[in-house]
Every structure is written in structure tokens, then in C-alpha cells.
């Protein structure tokens, strides 16, 4: 059995983990700088990055050749991870410009045809393609993933359990993919509909309650040959076997660097607060997945423009209050860890749609988005921390 499915190895990773280390992963579309359509340039950028030792260790492929991922690596805390990621972003945007490539940071490309994209040449992604076919081909999506260290295997599973009802709120806050296939999808996160609602073992996981129950399920998947590596479990929150982290995977890629930073800070605070609540025995009831799915759909369809459900009271509330609700919940741990979160008034989906509602064509709106992405993500480390 490979280490990626070694349950003893994974258990040890969590038992030896350090609380609240942070690792960030951001995905970008590779674009023709003139047409702004997706272009299969990953392998070229991967090769060119070898001249920069920092960048060479920080970029990765992500299914299609017109996508690239940049990683901060494991850092001792949120501040260090943001500092590392800002440096890596600057290096990536500089390299891309030198290679004649622009970078996009929306959850979906607004018009490029998925049928024209190429799967990158790695064993893992060939396995994904062979196993999923159309589901993999259709998944031209871009997201933000945040890893937070959580010590203790049982504790990590309980943290994931407590984050299940939080996922739709984070999705509504991060929604940034209203356009797809050259038209307005009517959704706020078309990325989530394409990926999370199509891939197996994806979206909101069951509540497991213990490492033993979780490990028994993973063992079942292995014994039945349902998976051959742990990364084939694509849940929106999962204990990560290799790193001893809780990984939150629900969010769209963010249009601007400050938005991505703020969202990462909010996610870290939510994971840390869930861990504190576990430690302090704060009462909690594991909700059925069907209840959480109601909010999940509302977040996909209406983002921050609609209503979400308070699943304890059964009452609706404006989705625009999602950020304030999460900030109120995680206020204790934010004070403890010194995490400040300043998201914009409108998320990416709202701002994109307002552009086209005001009369901009889809190419004009996307050009404005790409320019804003370049101006914020490509800033130097010094500028980004002012």
C-alpha cells in the first residue's frame, strides 16, 4: 500500500502535527494575453521555473495543461504563510509575463471550451481521467485550498465534523464563478456545480466522530478498489493524510490577492475555533448531510445575494451576513492568534455580474478582472504587506 493510503502513517502524522500551521494553495488559469482564452502552457512554465529554486518547489500541475497551482508550503502560522505566498505569487506572475502568459483567478473560465483542454501528463491525472472520463474533462475549475495543522487524529476528524455546516457559508463568501461557456450561468459558483456536484466522494462529508470510524471508511474504499490513493477523496473538508492538516477545499479562486488573503485568514480562524470548541467540549450536534446540502445549494445558486438557513433554528437569514456570523463565532481564536479579516463588501461573483449588468460585454468584464488580478497578485512582497 502506498503511503498516501497508509492509515498508520496518517495517524502518526496527526499525532505529531503542530496546531495551526498554515499552508496555502492557489490555482490560476493560464491565458493567452491577447485573447484571454485558456492556453496549454503549464509544461513550459514548469520547465522555465527550474531556474528559480523557490518557484520550482512551489508550483504544481492541476489536471489540465492550462492551469497552474502555487503553494506556500507549510508555515508556522497565517502571517508566515501569507508572506511566503506573496513572494511566490510575485515570482509566478513575473515568470508568466516573461513567457507570454497571463493568469486568471476566477472559479471558472468564462468562455474557453473544456473540450479543447488537455490533461497534464502525470500518472495521477491520467488515473483521474481514466476513472472519471467526462467528469474529469468537464472540470476546468480554479480554487483556493487552505491547510491548517491540527494535532491529534481523533481531534482532526472532530474538527472536520464541526466545519461541515460552515462550508456553505464559506462558499457563499468566496463565490467567484458566475460565467461559463460564454454565458451567465445563473449561478454564483458554477465551479462548485461542475466539480463538487460531479466528482465522487466530494462535497459535504458525513460526520465520522472518531479516527477509527473515518479509517474504517477509507479502508472500505481501499478494499473495494474504489480508490488507490487518498487524493481520490475530494471532500470539501478532509483530514490530509500526508501533512497532518485539516484541508478546506470549498472556495473559488479569488479575483484579487487581498480577497484571497482575507479568505485564508477566515478559514484558518474557523479551523482553529472548531479545534478550540472540541477542546472545551462546546455542545455540538452533527447535522444530517441533507440539511447542510440545502445551504450548499443556496450558496451555489445565489451566493451572497440570497438567503441561507440557520440550521439550528430553521430560520432564513440574508447570506450577506455570512461573514459577520463566522467572524462572531471565531472571534475568540482570532484574538488569540492575532488574525484580522477584512473582506470586500461584494464578492467576486457579485462584482463580475455588476460589470455585465452595467453593459460590459463578457470579454470586457473578464479583461477587467484579469487586469485586477495582475495588479494585486503580482505586487511585490513589500507592497503587499504595507
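Here are the numbers for this structure:
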{"item": "Net lengthening on full extension, residue 133/residue 226 (0.36 nm per residue, minus Cα-Cα)", "result": "31.9 nm"}
{"item": "Kirkwood-based Rg to Rh ratio, region 1-152, C-alpha trace", "result": "1.00"}
{"item": "Selected from 263, 221, 92 as most flexible by GNM, with the chain as the system and alpha-carbon contacts under 10 Å", "result": "221"}
{"item": "Antiparallel %, DSSP beta bridges [both residues in the chain], to 5", "result": "90"}
{"item": "Choice from 322, 49, 358 showing the highest fluctuation, given a GNM over the chain with Cα pairs closer than 10 Å", "result": "358"}
{"item": "Residue among 51, 253, 274 with the largest mean-square fluctuation in a Gaussian network model of the chain, springs linking Cα atoms under 10 Å", "result": "51"}
{"item": "Alpha carbon Rg of region 313-362, scaled by the compact-globule rule 2.2 N^0.38 Å", "result": "1.61"}
{"item": "Ascending count of other beta-carbon atoms within 10 Å, so fewest first, for 39, 148, 237", "result": "39, 237, 148"}
{"item": "Residue exposure sequence - 290, 301 - by fewest surrounding Cβ within 10 Å", "result": "290, 301"}
{"item": "Among [x] 22; [y] 26; [z] 15, the entry that matches percent of Cα pairs over 37 Å apart as calculated here", "result": "[z]"}
{"item": "222 nm mean residue ellipticity, helices alone, for the chain (DSSP H n ≥ 4; -39,500 (n - 2.57); rounded to 500)", "result": "-13500 deg cm²/dmol"}
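Values in this text are rule-based calculations from the coordinates and carry no lab data. Because the structure is predicted, anything quoted here is derived from the model rather than measured. Cβ coordinates were reconstructed from backbone atoms using ideal geometry, including for glycine residues, and neighbour counts include every protein chain displayed.
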